Amino acid sequence: MLKDISPKINEIAESIALLKHLAAGEKYADLKESLNRKYTLSLQGGLRKFALLERIEQNAENVLQNQMDEIRYYFSVNTADSTNDADISCAAIPALLWEPDMELEIENTRQLRDYLSKVSEETYCEKFGLLLHNYTEIIYFEDEKQTITAKEPYAVIQYLMKMDITDEEKWKLQRIFCDRNIHQTKILALLERAGAVLKTFFPQIEELTALFLTYWTDTLKGSDIAAFLQKNKAIDIPENPLGFHMRPSVINPNVISMQLNMDSKKPCGKPDYFKLGILFGEDLHVSTDYGEKDDAYEIYVMQALKLLSDKSKFEILSYIRDKAAYGSELARHLHLTTATVSHHMNSLLSSGLVRLKRVDNRVYYMSNKDALEELLQYCARILTGKD
């Protein structure tokens, strides 16, 4: 079984993440402060990691300041939720036909440009259409996707016009789809400039990713990451017989993303793919355990109560109180789109209020009653003085 933990970043993926970071107007200083409040991090090596991230950010802002309008046009994410949107798509993703598992094969803009130049019109329509499926989703509902089998442009445009996004976003995607060569050229130029910024810091990046390799090699000790996630993140996924690839992410230092083989009707065709931010390790434990009732737990309680005050999130937790449900089932029951359910679920999963389990080719969600009881008992003790 293949168990591959790589110390190498993917230049394309990290360049996309950097441009999305700039498009959102985010600051690593704010992220550091937020994480420090949320988890009372000792930070240790994290301070050095954030110092590097802030230097990369400043350099990128200086180098790309004249391209900010284009960056915002192609790399702004389309989300109505305030949760972390690192895994949400942007217009550049379908334009480049970029999928997570391509990170194992395409490392730089030269290779990506060569790949795009060989894509036929029919393949372009198929791949662009498929990428529209999860354009607004953090969690990919594999089981309920009505796969686009479009071989020609009209079918893609027809689907695009029915998407649950703004008219402005629809017209932007249509322009990009219809004039792909013009837009791919502009996006690749932006990726090259972002990649050049990253290359300036490669020696420091390689130091951090070497630490990533050492930590995760020692932590997993040859075991499968599926068992680790089940124990530490309430994410229950079966072990893939073909193993897994794991890579570090520098630009999204506190994000976990995964690409799982979801097809139960035929043997697994490829390993699962995981990407973890470089903060996960000594600086930020994957379990984000709130066991100690300190100031950090109080901040967590405030954030969790804010989630519970949202009507849709409350209804989701009520529905999955005594039974597991999959994404599209929740969407139908609550009269929401799967994209909206996905946003809510991301918040609930991040806060540990929901458990995730994969059965065959469906992802099921259950409320984490232990976490909810602990949260409510803490509130009762603080507000009423009763245990």
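Observations
- Members of region 188-204 found to be more than 19 Å from residue 131 (Cβ to Cβ), assigned to a helix (DSSP H, G or I) and of a type outside the set (D, E, K, R), listed by number: 189, 194, 195, 196, 197, 198, 200, 202, 203, 204
- Selection within region 237-274 - crowded, with 17+ Cβ neighbours inside 10 Å, at pLDDT below 90 and of a type in the set (D, E, K, R): 272
- Per the conditions (1) modelled with pLDDT under 95; (2) under 20 Å from the mean Cα position of the chain (by Cα); (3) open to solvent by 40 Å² or more (accessible area, probe 1.4 Å), the sole criterion not satisfied by residue 72 is (1).
- Residue pairs whose Cβ atoms lie under 6 Å apart, sitting 6 or more positions apart in sequence or on different chains, and linking a residue in region 15-32 that is under 19 Å from residue 187 (Cβ atoms) and in contact (Cβ under 8 Å) with a residue 24 or more places away in the chain to a partner that is part of a helix (DSSP H, G or I) and basic (Lys, Arg), are 23/72.
- Failed criterion for residue 169 (all others in (1) open to solvent by 50 Å² or more (accessible area, probe 1.4 Å); (2) part of a helix (DSSP H, G or I); (3) touching a residue at least 40 places away in the same chain (Cβ under 8 Å) hold): (1)
- Residue check, residue 214 at pLDDT 90 or above, within 26 Å of residue 133 (Cβ to Cβ) and open to solvent by 30 Å² or more (accessible area, probe 1.4 Å): no
- Residue 89 meets the conditions (1) at pLDDT 85 or above; (2) touching a strand residue (DSSP E or B) at 6+ places or on another chain (Cβ under 9 Å); (3) of a type in the set (S, T, N, Q) in every case but one. The failed one is (1).
- Within region 194-217, being in contact with a helix residue (DSSP H, G or I) (Cβ under 7 Å, 6 or more places away or on another chain) and of a type in the set (Ser, Thr, Tyr) holds for one residue alone: 200.
- Taking (1) more than 18 Å from residue 19 (Cβ to Cβ); (2) in a helix (DSSP H, G or I) in turn, residue 185 satisfies each apart from (1).
Yes/no per residue for (1) surrounded by 13 or more Cβ atoms within 10 Å (Cβ to Cβ); (2) within 22 Å of residue 89 (Cβ to Cβ):
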residue	(1), (2)
327	yes, yes
330	yes, yes
338	yes, yes
367	yes, no
374	yes, no
384	no, no
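- Region 295-325 - residue that is of a type in the set (Phe, Trp, Tyr) and open to solvent by less than 30 Å² (accessible area, probe 1.4 Å) and, of those, nearest to residue 382 (Cα to Cα): 297
Residue-wise test of (1) farther than 22 Å from residue 283 by Cα; (2) of a type in the set (D, E, K, R); (3) modelled with pLDDT under 90; (4) open to solvent by less than 40 Å² (accessible area, probe 1.4 Å).
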residue	(1), (2), (3), (4)
21	no, no, no, yes
27	no, yes, no, no
58	yes, no, no, no
80	yes, no, yes, no
85	no, yes, yes, yes
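The values are calculated or read from the model by the stated rules, or taken from the named source; none is laboratory data. Since we're looking at a predicted model, the values are computed, not measured. Heads up, the Cβs are rebuilt from the backbone with ideal geometry, glycines too, and the neighbour counts pull from every protein chain shown. Just the protein is used for accessible areas: all its heavy atoms, side chains included, with ligands, DNA and RNA removed. Shrake-Rupley method; radii C 1.70, N 1.55, O 1.52, S 1.80 Å.
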